[in-house]
Amino acid sequence: MTRDDAYHLLTEYTTKDGLIKHALAVEAAMQAYAHRFGENEEVWRIIGLLHDFDYEKYPSMEDHPFKGAEILRSKNFPEEWVQAILSHASHTGVPRDTLMAKTLFAVDELCGFITAVAYVRPSRKLAEVEVSSVKKKMKDKAFARQVNREEIIEGAQLLGISLEEHIDTVIKAMQSISDQLGL
């Protein structure tokens with residue numbers, strides 16, 4: 001599967017602009033980390049794009065990401081890719097035993113949180129988002145309360161980097177596609 005194939009699959013199952021933009025943000029973060037770790041950037045981009053592709057049609061915890069995994073397996077996706085996608089959701093119980101799986105988990109919630117921080121900036125631009133502003137907003141439990149801060153912290157720990165460095169990496173990745181994200 002190519003990146004274009006993955007994008008087509010994403011948009012076949014996902015029509016909501018916010019979900020597509022989230023997939024693009026996670027794709028950018030995954031690519032940045034693949035580059036950093038010397039991994040296959042195309043594969044990691046695909047995993048980022050498709051991690052939530054089934055969510056709009058199957059949003060319940062009983063279905064997501066399990067339905068997506070079934071669809072990917074029917075398309076002969078490598079099992080390692082399927083396992084990485086399954087493991088990004090803590091409720092699946094699938095272990096994060098590869099660097100790709102750990103990275104997907106680490107960037108997923110953080111991408112959503114950084115997007116929320118950008119939305120409350122006067123300009124609504126990622127260019128104005130800084131590590132310090134993300135950390136400050138993480139302390140405000142009323143802000144973006146659906147985002148699991150513990151998972152953001154755990155993600156950085158899984159990657160063996162500081163929270164500040166992790167936030168900075170993801171901000172920069174998202175800034176590189178800010179036009180596509182509308183931010």
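Over the chain, what is the relative contact order in whole percent, taking alpha-carbon pairs under 8 Å and six or more residues apart? Walk me through the intermediate numbers first.
Working: 238 pairs, mean separation 41.5, N = 183.
This gives 23 percent for the chain.
List Met174, Met61, Met138 from most exposed to least, where exposure is judged by having the fewest other Cβ atoms within 10 Å.
In order of increasing Cβ crowding within 10 Å: Met61, Met138, Met174.
Mind running the shape call on the range 14-88? Use the C-alpha gyration tensor, a ≥ b ≥ c as the square roots of the eigenvalues: rounded below 1.5 for a/c, prolate if a/b tops b/c, oblate otherwise. Mind dumping the intermediate values first?
On the way: a/c = 2.25, a/b = 1.32, b/c = 1.71.
Because a/c hits 1.5 or more and a/b fails to exceed b/c, the range 14-88 counts as oblate.
Among residues other than Asp4 whose Cβ falls under 12 Å from its Cβ, what is the net charge (Lys/Arg +1, Asp/Glu -1)?
Charge balance in the 12 Å sphere: 0.
If the cut-off is 17 Å between C-alpha atoms, which aspartates and glutamates fall inside it for Lys67, apart from same-chain ones fewer than 8 positions away?
Cα-Cα hits under 17 Å: Glu12, Asp52, Asp54, Glu56, Glu79, Glu80.
Using Cα atoms only, what is the angle between the long axis of helix 41-50 and the major principal axis of the chain, expressed in degrees (0 to 90) to the nearest 10?
Orientation of helix 41-50: about 90 degrees from the principal axis.
Take Leu126, Leu86 and order them by how many other Cβ atoms sit within 10 Å, fewest up front. Mind showing how you got there, number by number?
Values: Leu126 24, Leu86 20.
Going from sparsest to densest Cβ surroundings: Leu86, Leu126.
Give the lysines reachable from Lys139 as a straight Cα distance under 26 Å; neighbours fewer than 8 places away on the same chain don't count.
Lys21, Lys102, Lys125, Lys172
Using helices alone, I'd like the mean residue ellipticity at 222 nm for the chain: each DSSP H run of four-plus residues gives -39500 (n - 2.57), total over residue count, nearest 500.
One gets -20000 deg cm²/dmol as the mean residue ellipticity at 222 nm.
Taken together, the values in this text are just the output of simple stated rules run on the coordinates, not laboratory data. The structure presented is a predicted model; accordingly, all values stated were derived computationally and were not measured. With ideal geometry, Cβ positions are generated from the backbone for all residues, glycine too; neighbour counts draw on all protein chains shown.
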